[in-house]
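Below you'll find the structure, written out as structure tokens, and then a few comments.
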Amino acid sequence: MRKKRKPDYNLPEKSCWHLYSLQTLQPEKFVKVVTKILKRDYLLIK
């Protein structure tokens, strides 16, 4: 039997991005993520 999660549990914000995961993003999301990578808010994993 599986345990139930708490309904108010939120996943943490993704702060490390791999090049391949950026390829699958929608254009609007891609622009936001790349902007944060350039500001060094997010980390790019090669």
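The values are calculated or read from the model by the stated rules, or taken from the named source; none is laboratory data. Just so it is clear, the structure is predicted and the values come from calculations on it, not from any experiment. Accessible surface areas use protein heavy atoms only, side chains included; no ligands, DNA or RNA. Shrake-Rupley method; radii C 1.70, N 1.55, O 1.52, S 1.80 Å.
The figures follow:
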read-out: q = 0.16 Å⁻¹: log10 I(q)/I(0) that the Debye formula gives for the chain, counting C-alpha atoms only; value: -0.55
read-out: Residues whose placed amide H lies under 5 Å from that of W17, excluding near-sequence neighbours; value: L43, L44, I45
read-out: Degrees between helix 27-38 axis and first principal axis of the chain (Cα, 0 to 90, nearest 10); value: 70 degrees
read-out: Accessible-area value, E28, 1.4 Å probe, nucleic acids and ligands omitted, Å²; value: 130 Å²
